[in-house]
Amino acid sequence: MRAPFYELGAFGNTASLFVAVLIGFAFGWCLERAGMGSARKLTGQFYFTDLTVFKVMFSAIVTAMLGVFWLARIGVLDLSRVYVPETFAVPQLVGGLVFGVGFVVGGLCPGTSCVAAATGRGDGMMLVAGMFTGVTATGLAFRALEPLYSSTPLGTLTLPQALHLPYGVVVALVVLVALGGFRGAEWIESRVKARAS
């Protein structure tokens, strides 16, 4: 059986929704077990006292990237069937800025705020309410925002295309950057803790 399963007809709509919900619950459980539902833990990265978020997210990215790369290499995954969203430089930079400011102010990102809300934390509930308010306001104002939303299209841009390097070389470089980043994060945390003690 080849993947992606839904694209190739192995799963129907009902089975796909069930799998999506199951993966969502598993992801939320893992985030909570890793302490990602705590705004105090997440904001530690902005003070360089706790870089768990950086390490967890970079680990997830590298794991997914290696999984996709090797599954495609051995013929299990058809990469041509994997959806890659289009790149719109300016609106995505604006969205990243809004996301970053919200993360710093609220102490949680959209995923971790849902985890916090599900475990009964008030800050998570407030952030989820704010998130839905923002989505609704954006939907109501979409006609005015549409010129920005569709500006600076770059197509389906990937790192190998942007860097003009083979896919395998980019995978190896990202793994090396991740290993360096993990080592650097440990060094920064130890330095900050040493200064605080």
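The values are calculated or read from the model by the stated rules, or taken from the named source; none is laboratory data. The model shown is predicted, which means the values in this text are computed figures rather than measured ones. Note: ideal-geometry Cβ built from the backbone for every residue, glycine included; neighbour counts use all protein chains shown.
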Subset of the range 156-186, residues without any contact (Cβ under 8 Å) to a residue 12 or more places away in the chain, hydrophobic (A, V, I, L, M, F, W, C) and surrounded by 11 or more Cβ atoms within 10 Å (Cβ to Cβ), comes to ALA162, LEU163, LEU165, VAL169, VAL170, ALA172, LEU173, VAL177, LEU179
When the range 65-83 is checked residue by residue, the ones that are of a type in the set (Phe, Trp, Tyr) and more than 20 Å from VAL175 (Cβ to Cβ) are TYR83
Report yes if GLY35 is modelled with pLDDT of 90 or more and outside any helix (DSSP H, G or I), otherwise no. no
Every residue in the range 51-74 that is at pLDDT below 90 and not in a helix (DSSP H, G or I), please. none
Tell me, yes or no, whether the range 96-110 has at least one residue that is under 17 Å from PHE27 (Cα atoms) and either without any contact (Cβ under 8 Å) to a residue 12 or more places away in the chain or hydrophobic (A, V, I, L, M, F, W, C) (or both). yes
Cβ contacts < 8 Å: first residue without any contact (Cβ under 8 Å) to a residue 12 or more places away in the chain, restricted to the range 126-152; second residue among the aliphatic types (A, V, I, L, M), any location; separation 6+ or different chain. Result? THR138/LEU145
Within the range 137-147, count every residue that is surrounded by 12 or more Cβ atoms within 10 Å (Cβ to Cβ) and within 23 Å of TYR83 (Cα to Cα). 0
Tell me whether the range 11-28 contains one or more residues that are of a type outside the set (D, E, K, R), in contact (Cβ under 8 Å) with a residue 24 or more places away in the chain and either surrounded by 14 or more Cβ atoms within 10 Å (Cβ to Cβ) or in a helix (DSSP H, G or I) (or both). yes
ARG40 fails exactly one of the following numbered conditions: (1) assigned to a helix (DSSP H, G or I); (2) of a type outside the set (A, V, I, L, M); (3) in contact with a Leu (Cβ under 9 Å, 6 or more places away or on another chain). What is the number of that condition? (3)
